[in-house]
1. With each label point set 7 Å from Cα along the Cα-Cβ vector, what nm distance links residue A:15 and residue B:125?
2. Please list, ordered by chain and number, the residues whose modelled amide H lies under 5 Å from the amide H of residue A:29; skip anything fewer than 5 residues away on the same chain.
3. Based on Cβ point charges of +1 for Lys and Arg and -1 for Asp and Glu, what charge dipole magnitude is obtained for segment B:66-152 about its Cα centre, in debye rounded to the nearest 20?
4. Find how many whole Å separate the alpha carbon centroid of segment A:175-201 from the alpha carbon centroid of segment A:79-154.
5. Within 10 Å of each Cβ in A:32-38, how many Cβ atoms from other chains are there, averaged over the peptide?
6. State the answer as a single residue: which of A:119, B:66, A:203 lies farthest towards the positive end of the charge dipole of the protein assembly as shown, with beta carbon charges of +1 for Lys and Arg and -1 for Asp and Glu, about the Cα centre.
7. Ranked highest first by the average count of other Cβ atoms within 10 Å around their residues, in what order do A:43-53, A:118-128 fall?
8. For chain B, how big is the tail of P(r) above 26 Å, as a whole percent of Cα pairs?
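Throughout, read-outs are computed from the coordinates displayed, never taken from laboratory work. Keep in mind it's a predicted model, so treat the numbers as computed, not measured. Note: ideal-geometry Cβ built from the backbone for every residue, glycine included; neighbour counts use all protein chains shown.
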Amino acid sequence: MIPVKEILLPETVDEVCRLLQDTNGLSKIIAGGTDIIPGFHIESPRFVNIERLIDINNIDELKSVSVTEDYISIGSAISFSEIISNPVINEKLPLLVKASRTIGSTQIRNRATLGGNFINNAPCADSVAPLLVYDAEIKIKSIAAEKIMKLQDFLVKPYRTRLMSDEIVTQIIVPNPPAKLIGDFYKLGRRRAVSISRISLAILLDVNNGFINEMRIASGAVTPIGTRFYDVEEFFKGRILDDELIKDIAIKLGERIMEVSGVRWSSEYKIPVVQQVCYQLIKGIERRSL
Amino acid sequence: MKISFVLNSQNMSIEIEPNIRLLDLLRDKFNLTGTKEGCSIGECGACTVIMNGKAVNSCLVLAGQCYGAEIITIEGIEKDGKLHPLQENFLKSGAVQCGFCSPGMIMSAYALLLKNPNPTEEEIKDAIAGNLCRCTGYKQIIDAVEKTAKEI
């Protein structure tokens, strides 16, 4: 049973902020609806009290992509299909495009949005690990204020973020990645399409004369929420990237993921697999760096 | 709430409850029962329709979100009482058995051919990856789409 009594169709972000202002937490923003509407269907406790939906699909500002010398700014209500077909995002953020292609199906990608993916903050949200290695920040607006926050800080725990009930995420702001950083993304699910991620990893690497100049690693699904591993990145900085070191990175990452996630029934399977995924990803990046 | 939209090339205006889905609007208000309800959570694709030129799961769109949209359902693709070539080729290729997935499958293929008239086999597989068929398997369905692409 869908509890909604009213759907509002604002045309500006200011209007959204005003609508969010005068309620008692019974309003929720809807964009693609691919999490909210099945949530209603299964009577998820997260969605039982929603009486007003504020549909943001008619707001152009939230669908636009712009580039400056320093950053790429992406509207939060951009769909994954729009990400996949956007030439600027393809050029600057290839890992985000690769992850977007693995999401759901064509029908889902035509509706589901980038903002919705991390605002819902399911552990398996496929776009989060790429956004984290790209050091993404988000712009949040309310009637009272506008602020910018690191995505990593915005994500609290599964299905929880720092978003307040009177706020809307308007933009995802990604600093232009240095051209020397090349990377890859891998998602492991139980099947090839319409698949919930079990493990995903995003890695960016800058190798200079065989030395690791910079490395960025983020996980999805295998950790409770998308997580950057700054300590692992720092630990291997400046080291010579050879086969032994890649194995060491993979082992260390597996150990850290185990610490973050705790021992689970699936750990015996997942940890060796995540280590193998890490090894293969870095091997592939190493080949492309030569 | 009142919504106006285009349904199978006809302008429509209708008073609806805000808590119904596009799927319910099509089946219950317009009697367009070609669009099927399968899983209701966006995994099976039986309810696929075209919204503004793109395939969507009508179980994951609220009717109130369709304001001003252009919707095409399986009933809207025949012309002058003649089946669409996709429908013809599904029949000819043995791509229909129980028929429950066929409307959604055909709408996904229809959306693909709208933007890509000459798809590769991989592109066809990708376009129908969100549509489950439990009878014929997928080979005949892919054949039917390939055949249609060659004809039109």
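1. Calculated label separation equals 4.5 nm.
2. For residue A:29, the qualifying residues are A:54.
3. On the way: 9 positive and 12 negative charges, 40 e Å.
Its charge dipole is roughly 200 debye.
4. Measuring centre to centre over Cα atoms gives 12 Å.
5. Numbers: counts 4, 8, 6, 2, 2, 11, 8.
Mean partner shielding for this stretch: 6.
6. A:203
7. Values: A:43-53: 14.9, A:118-128: 23.7.
So the peptides A:43-53, A:118-128, ranked by packing, come out A:118-128, A:43-53.
8. Details: 2550 of 11476 pairs.
For chain B, the fraction of Cα-Cα distances above 26 Å is 22 percent.
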